[in-house]
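Chemist: One structure follows; several queries about it will come next.
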Amino acid sequence: MRVLVFLLALPFTLHAQMNFDTVKIRPFRLADNLYMLTGTGGNLAALTGKEGNLIVDDQYAPLSDKIRQAVYAINPGEVRYVINTHLHGDHTGGNENFRRVGATLVAHDNVRARMMKESVNREGKTVPPRNPESWPVVTFQQRLSVHLNGEDLELHYLDRGHTDGDVVVRFRNANVIHTGDAFVRERYPFIDLTSGGSFLGYVHTLEQIYSLADDQTKIIPGHGALAMRADVKALHDKLADIRDQVIAALQKGTKPEDLATLPIATKYDAEFGKGFVKGKDFVLLVADEVKGMAKTRKK
Ligand SMILES: [Zn+2]
């Protein structure tokens, strides 16, 4: 549990405990001037070209120089724009470093608002505001377009899901979508309730990501390997199955605390249980959100 909290809410405490020296930033080419980059933390995207380099997410602060070098190796030049898919430190830890070298930070309104104030983590501990240099400079509520290096980017806020500031970035011409943690692979999604997340919103967001894509779209998940929209549908269908089973069990009178003993989550634990969110905690979270629906459907 301690590790979990460090990972999610105290990224800067985590620095002291993680060794970044051996981390390599690896680029995978997805289109002429568009790459997926991996290191430690959330997956990155890099759009390169004469008009300046742009990255989506920036992992942890100690990796900023390695990320800059990896992007520079593709296209000599500085990172001029950083888009944050959401506020978590494994996606935004490098913000102040990139701002210091002149990058403009872009994110959802709620990311900036949450970074500016004290918050409470899952252990109930108070986390101080982020350094002002890491606060996004350009923010938006629903939709923002960016036109750079011959690419048209659409930044979409689709719903509360992982947090209440999730942004999905669509590169229209390259037919690539970076989902941030609104879509992850091989783990139960983390619904960050203290940052405004919602399980039902997460399911709704997956439906919309699917609609934005076609069968050729390459999808960069927040964590895990490059995906296609069939993978988004597969996760959606599994979460919908968990939702429906939880509703059915609650309608039969199962107490929420007994849900963990049913095969609802155990069925998915082999695939998803290796992440930090455990099946029994996930079904409890789902139950808490759908209990109103279970009552409605009973009538
Ligand atoms: Zn996250």
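Chemist: Could you say which residue among 184, 176 is buried (at least 18 other Cβ atoms within 10 Å of the Cβ) and in contact with a Pro (Cβ under 8 Å, 6 or more places away or on another chain)?
Modeler: 184
Chemist: State whether one or more residues within the range 239-254 are in contact with a helix residue (DSSP H, G or I) (Cβ under 6 Å, 6 or more places away or on another chain), under 18 Å from residue 183 (Cα atoms) and assigned to a loop (DSSP other than H, G, I, E, B).
Modeler: No, there is no match, as no residue in the range 239-254 is in contact with a helix residue (DSSP H, G or I) (Cβ under 6 Å, 6 or more places away or on another chain), under 18 Å from residue 183 (Cα atoms) and assigned to a loop (DSSP other than H, G, I, E, B).
Chemist: How many of the residues in the range 182-204 are part of a helix (DSSP H, G or I), more than 20 Å from residue 265 (Cβ to Cβ) and within 13 Å of the ligand (Cβ to nearest atom)?
Modeler: Counting residues in the range 182-204 that are part of a helix (DSSP H, G or I), more than 20 Å from residue 265 (Cβ to Cβ) and within 13 Å of the ligand (Cβ to nearest atom) gives 3.
Chemist: Out of the residues in the range 74-87 that are assigned to a loop (DSSP other than H, G, I, E, B) and within 15 Å of the chain's Cα centre (by Cα), state the one that is farthest from residue 27 (Cα to Cα).
Modeler: Per the criteria, the residue is 87.
Chemist: Further question: Quick check on the range 29-61: of everything there that is of a type in the set (Asp, Glu) and away from the ligand (no atom under 14 Å from the Cβ), which residue is farthest from the chain's Cα centre (by Cα)?
Modeler: In this case the residue turns out to be 51.
Chemist: Here's a follow-up. Of the conditions (1) surrounded by fewer than 16 Cβ atoms within 10 Å (Cβ to Cβ); (2) at pLDDT 95 or above; (3) over 30 Å from residue 240 (Cβ atoms), residue 118 satisfies every one except a single condition; which number is it?
Modeler: Just one mismatch for residue 118, condition (2).
Chemist: Another question, if that's okay. Quick check: anything in the range 162-172 away from the ligand (no atom under 13 Å from the Cβ), part of a loop (DSSP other than H, G, I, E, B) and touching a Gly at 6+ places or on another chain (Cβ under 9 Å)?
Modeler: Scanning the range 162-172 turns up no residue that is away from the ligand (no atom under 13 Å from the Cβ), part of a loop (DSSP other than H, G, I, E, B) and touching a Gly at 6+ places or on another chain (Cβ under 9 Å).
Chemist: Can you find a residue that is over 24 Å from residue 207 (Cβ atoms), over 19 Å from the mean Cα position of the chain (by Cα) and not assigned by TED's automatic domain parsing to the domain that holds residue 170 anywhere in the range 236-252?
Modeler: The answer is yes; a qualifying residue exists.
Each row is one residue, and each column tells you yes or no for (1) surrounded by 13 or more Cβ atoms within 10 Å (Cβ to Cβ); (2) under 22 Å from the mean Cα position of the chain (by Cα); (3) of a type in the set (Lys, Arg).
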position: 218; (1), (2), (3): yes, yes, yes
position: 222; (1), (2), (3): yes, yes, no
position: 258; (1), (2), (3): no, no, no
position: 262; (1), (2), (3): yes, no, no
position: 285; (1), (2), (3): yes, yes, no
position: 291; (1), (2), (3): yes, no, yes
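Chemist: So which of 126, 85 ends up being loosely packed, with under 15 Cβ neighbours inside 10 Å and either within 16 Å of the ligand (Cβ to nearest atom) or modelled with pLDDT under 95 (or both)?
Modeler: Checking each option against the conditions leaves just 126.
Chemist: Restricting attention to the range 129-161, which residues are more than 16 Å from the ligand (Cβ to nearest atom) and in a loop (DSSP other than H, G, I, E, B)?
Modeler: 129, 131, 135, 137, 141, 142, 149, 150
Chemist: Could you tell me which numbered condition residue 234 fails, if it satisfies all but one of (1) away from the ligand (no atom under 16 Å from the Cβ); (2) assigned to a helix (DSSP H, G or I); (3) within 24 Å of residue 88 (Cα to Cα)?
Modeler: For residue 234, the failing item is (3).
Chemist: For residue 71, all conditions in the list (1) part of a helix (DSSP H, G or I); (2) closer than 18 Å to residue 28 by Cβ; (3) within 16 Å of the ligand (Cβ to nearest atom) hold save one; what is the number of the exception?
Modeler: The one condition residue 71 does not meet is (3).
Chemist: Report whether or not residue 90 is assigned to a loop (DSSP other than H, G, I, E, B) and within 16 Å of the ligand (Cβ to nearest atom).
Modeler: Criteria not met by residue 90.
The values are calculated or read from the model by the stated rules, or taken from the named source; none is laboratory data. Only a predicted model underlies this, so the values are computations on that prediction, with no experimental measurement involved. All Cβ positions, glycine included, derive from the backbone under ideal geometry; neighbour counts span all protein chains shown.
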